[in-house]
Amino acid sequence: MIYTIIIYIICEIIAIGSMFIAKKNEQKSKKRMYIFLILSFLPFALLFIFRGIKVGQDYETYAQTYLSFLDNTLDARQEEWWSVGFKAICYLLSFVFGRNYYGVFAVINLATLFLLYKGIWDNSKNPALSLFILFCFCLPFQIFNQFRQMLAI
């Protein structure tokens, strides 16, 4: 567990520091700004995409439900919490990824993280501080499953 926390702290430091540098370069060099925005985005994109199936409480449930959806065997409990929009996204992505739920969730995670970053960058006077506050309260990790559903809407 301690190694997981260390990895997350390192990723958070890289993300916040890179976001800070990106904001400092916004007026000077757009190229440098984008490079540092990508460096800020990358650690969490990679963590969310390549995490194990047993990490978190909901990830395995999402994977099993996705496979049930493809097999047309969703039970009542699964039907209850899967929104129509999320089903549509999974259906469309299934043409590209088939039964590979990692690919489907990678696309959804990248889109979700992109929208989170875009919202912070466009609406915050201090994006690095906004990102720091989100990390301090563990909000990116807690809202990720709900945000996937909101993305579908």
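The values are calculated or read from the model by the stated rules, or taken from the named source; none is laboratory data. Model, not experiment: these values are computed from the prediction. Positions of Cβ are backbone-derived with ideal geometry, glycine not excepted, and every protein chain shown enters the neighbour counts. Note: accessible area is taken over every heavy atom of the protein model, side chains too, but ligands, DNA and RNA are not part of it. Shrake-Rupley method; radii C 1.70, N 1.55, O 1.52, S 1.80 Å.
For region 5-17, a residue qualifies if it is without any contact (Cβ under 8 Å) to a residue 40 or more places away in the chain and open to solvent by less than 70 Å² (accessible area, probe 1.4 Å), and the qualifying residues are 8, 11. Among the residues of region 78-108, those identified as among the small types (Gly, Ala, Ser) and free of Cβ contacts under 8 Å to residues at least 60 places away in the same chain are 94, 98, 103, 106. Only residues that are crowded, with 19+ Cβ neighbours inside 10 Å and out of contact with any Phe, Trp or Tyr (no Cβ under 7 Å at 6 or more places or on another chain) were counted in region 18-36, giving 3.
If you go through region 63-117 and keep only what is within 14 Å of the chain's Cα centre (by Cα) and more than 13 Å from residue 48 (Cα to Cα), you end up with 115, 116, 117.
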